[in-house]
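The values are calculated or read from the model by the stated rules, or taken from the named source; none is laboratory data. Nothing here was measured: the structure is a model prediction, and the numbers come from that model. Because the Cβ atoms are built from the backbone with ideal geometry, glycine has one as well, and the counts that use them run over all protein chains shown.
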């Protein structure tokens, strides 16, 4: 992510994903990415790691399904709990996105038959994996926006992030391990 002067909700989601990716105990980057995410969460008023304490208004697409399958009596009951399932789904998508890659991604070196298979299949598979990654990323942002509708409409300036403890002009640690 570049350093824009104005951040949107999709930036919060990306920063959250980065923090989760680098959160393993003993990871040198955990503190830096955690601090960065904490500032974004505070500035936007939305901690994506936890479901909202109070369910936001239930999206129409969920209401429609509840009406279709259960009838109007269950809409009010579902309205108080829909956010729990959607938040769990969002957490699951985030984990799946981290592990989403083609079958050749783990190779530093490979025997010639694997290289031949790579030449034959990798381009097509990698395109499909990237398409799926894009779709899941959009779904994740959309679901989290349903959970945090106020934050999803906000834009935050770099100065606001600084007030919450993150300087967007400071270097983000190098996450490729070659540092």
Being at pLDDT 95 or above, more than 30 Å from residue 158 (Cβ to Cβ) and either buried (at least 16 other Cβ atoms within 10 Å of the Cβ) or more than 21 Å from the chain's Cα centre (by Cα) (or both) narrows 81, 70, 119, 88 down to just 119
Scanning the range 137-172 for residues that are outside any helix (DSSP H, G or I) and surrounded by 14 or more Cβ atoms within 10 Å (Cβ to Cβ), the one modelled with the lowest pLDDT turns out to be 172
Screening 39, 19 for residues that are more than 23 Å from residue 142 (Cβ to Cβ) and crowded, with 17+ Cβ neighbours inside 10 Å leaves only 39
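Can residue 7 be described as modelled with pLDDT of 90 or more, buried (at least 16 other Cβ atoms within 10 Å of the Cβ) and touching a strand residue (DSSP E or B) at 6+ places or on another chain (Cβ under 6 Å)?
yes
Do any helices (runs of 4 or more DSSP H) lying entirely in the range 1-96 carry at least 3 residues that are in contact with a helix residue (DSSP H, G or I) (Cβ under 7 Å, 6 or more places away or on another chain) and touching a residue at least 60 places away in the same chain (Cβ under 8 Å), and which ones are they?
On the way: elements: 9-21, 30-44, 60-69, 73-79.
Output list reads 9-21, 30-44.
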Residue count, the range 12-51, condition more than 19 Å from residue 159 (Cα to Cα) and more than 16 Å from the chain's Cα centre (by Cα), comes to 8
